[in-house]
Amino acid sequence: MKQYDNVVIFDHPLIRHKIAILRDERTSMKEFRELVEEITTLMTYECLKDGVPTTEIEVKTPLEVCKQRIVADNAVVIVPILRAGLGMVNGIHVLFPLARVGHIGMYRDEETLEPQSYYCKLPEGIEEKFVLVVDPMLATGGSACDAIQLLKERGCKEIRFMAIIGAPEGVSRVAEEHPDVKIYVSTLDRCLNENGYILPGLGDAGDRLFGTK
Ligand code: PRP
Ligand code: URA
């Protein structure tokens, strides 16, 4: 895949270890859900390294008063793409318990692979926030591109996108359609199959998270 300035692919042994278990078809729904959360927390740590708004406060230590920077409680809004993105929300709430959550509902048409939008509810004032869009799977990139476009039309300016597994086709598409959005992907897989599934991938993330198959 071409290199993009706005794409970060993680190459971390701890994340690789967890993804290996996540892929395994024998991994239970409970363990799958826990791993998605843990990987998301690790990714969030890196994703918020720069760009997240902070404010200065004064702290009195036992010895003196000093100025410190903290992330404001309501600086970050999490936007999961339903359904599978829901599995990543708790992984961010562990770090930002008060982050508000907007929901964008999309499913892929099985024939055309085009995303179909069915729901959207976003917190008031989201346009001024640091928006973290999450979905474990970035396949053709259609769902991510449409969700990001929708947020831009709502006035959001600071948007990041986080996926656990990406296909080169999807990562390139989002990187090119939205060069101003930084994209974080835990691991880059080989390709898509004829049904639009990522190979080797992990199957259908929504089904594995929620036990629907
Ligand atoms: C999956 C996944 C993404 C989308 C990725 O959702 O969670 O939203 O497919 O594919 P794309 O990059 O080709 O758009 P799905 O449509 O299976 O819906 P679900 O989460 O409700 O199962
Ligand atoms: N959505 C999934 O859940 N898995 C894939 O491999 C592709 C899209």
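The values are calculated or read from the model by the stated rules, or taken from the named source; none is laboratory data. A quick note: this is a predicted structure, and the numbers were derived from the prediction, not measured. Note that we place each Cβ from the backbone using ideal geometry, even for glycine, and neighbour counts take in every protein chain shown.
Among the residues of region 161-191, which ones are within 8 Å of ligand 2 (Cβ to nearest atom) and under 18 Å from Glu25 (Cα atoms)?
Step one: of region 161-191, the residues within 8 Å of ligand 2 (Cβ to nearest atom) are 165, 167.
Once the filter is applied, which keeps residues that are within 8 Å of ligand 2 (Cβ to nearest atom) and under 18 Å from Glu25 (Cα atoms), region 161-191 yields only Ile165.
Looking at this structure, is Val7 buried (at least 17 other Cβ atoms within 10 Å of the Cβ) and over 27 Å from Leu98 (Cβ atoms)?
Here the answer is yes, as Val7 does meet what is asked.
Working carefully through the options Asp73, Asp109, find the one that is within 16 Å of ligand 1 (Cβ to nearest atom) and over 21 Å from Leu188 (Cβ atoms).
Asp109
Given the structure, is Ala72 in contact with a strand residue (DSSP E or B) (Cβ under 7 Å, 6 or more places away or on another chain) and under 20 Å from Thr40 (Cα atoms)?
Numbers: in contact with a strand residue (DSSP E or B) (Cβ under 7 Å, 6 or more places away or on another chain): yes; under 20 Å from Thr40 (Cα atoms): no.
Against the criterion (in contact with a strand residue (DSSP E or B) (Cβ under 7 Å, 6 or more places away or on another chain) and under 20 Å from Thr40 (Cα atoms)), Ala72 does not qualify.
Could we say that Leu113 is surrounded by fewer than 22 Cβ atoms within 10 Å (Cβ to Cβ), more than 16 Å from ligand 2 (Cβ to nearest atom) and either more than 18 Å from Leu209 (Cβ to Cβ) or of a type outside the set (Phe, Trp, Tyr) (or both) here?
No.
Can you name the condition, by its number, that Ile126 falls short on among (1) under 20 Å from Lys49 (Cα atoms); (2) away from ligand 2 (no atom under 16 Å from the Cβ); (3) of a type in the set (A, V, I, L, M, F, W, C)?
Going through (1) under 20 Å from Lys49 (Cα atoms); (2) away from ligand 2 (no atom under 16 Å from the Cβ); (3) of a type in the set (A, V, I, L, M, F, W, C) one by one, Ile126 breaks only (1).
List the residue pairs whose Cβ atoms are under 8 Å apart, where the first residue sits in region 30-54 and is in contact (Cβ under 8 Å) with a residue 60 or more places away in the chain and closer than 14 Å to Gly85 by Cα, the second is surrounded by 14 or more Cβ atoms within 10 Å (Cβ to Cβ) and of a type in the set (D, E, K, R), and the two are 6 or more positions apart or on different chains.
Close Cβ pairs satisfying both conditions: Phe32/Arg208; Ile39/Lys18.
Being within 16 Å of ligand 1 (Cβ to nearest atom) and not in a helix (DSSP H, G or I) is the filter here; which residues of region 139-158 pass it? Before the answer, list the steps.
Filtering region 139-158 down to residues within 16 Å of ligand 1 (Cβ to nearest atom) leaves 139-151.
Ala139, Thr140, Gly141, listed by residue number.
Restricting to region 101-117, count the residues that are assigned to a strand (DSSP E or B), modelled with pLDDT of 95 or more and not polar (S, T, N, Q).
Total meeting the criteria: 6.
Taking the stated definitions as given, is Thr187 in contact (Cβ under 8 Å) with a residue 24 or more places away in the chain and among the hydroxyl-bearing types (Ser, Thr, Tyr)?
Spelling it out, Thr187 is indeed in contact (Cβ under 8 Å) with a residue 24 or more places away in the chain and among the hydroxyl-bearing types (Ser, Thr, Tyr).
Just wondering, is there one or more residues in region 53-69 that are in contact with a Ser or Thr (Cβ under 7 Å, 6 or more places away or on another chain), surrounded by fewer than 18 Cβ atoms within 10 Å (Cβ to Cβ) and over 28 Å from Leu192 (Cβ atoms)?
Scanning region 53-69 turns up at least one residue that is in contact with a Ser or Thr (Cβ under 7 Å, 6 or more places away or on another chain), surrounded by fewer than 18 Cβ atoms within 10 Å (Cβ to Cβ) and over 28 Å from Leu192 (Cβ atoms).
Just to be sure I understand the filter: pairs with C-beta atoms under 6 Å, separated by 6 or more residues or on different chains, first member in region 102-122 and in contact (Cβ under 8 Å) with a residue 60 or more places away in the chain, second member assigned to a strand (DSSP E or B) and loosely packed, with under 14 Cβ neighbours inside 10 Å. Which pairs pass?
So the pair list comes out empty.
Given the conditions (1) away from ligand 1 (no atom under 12 Å from the Cβ); (2) surrounded by 22 or more Cβ atoms within 10 Å (Cβ to Cβ); (3) not in a strand (DSSP E or B), which single one is not true for Val174?
(1)
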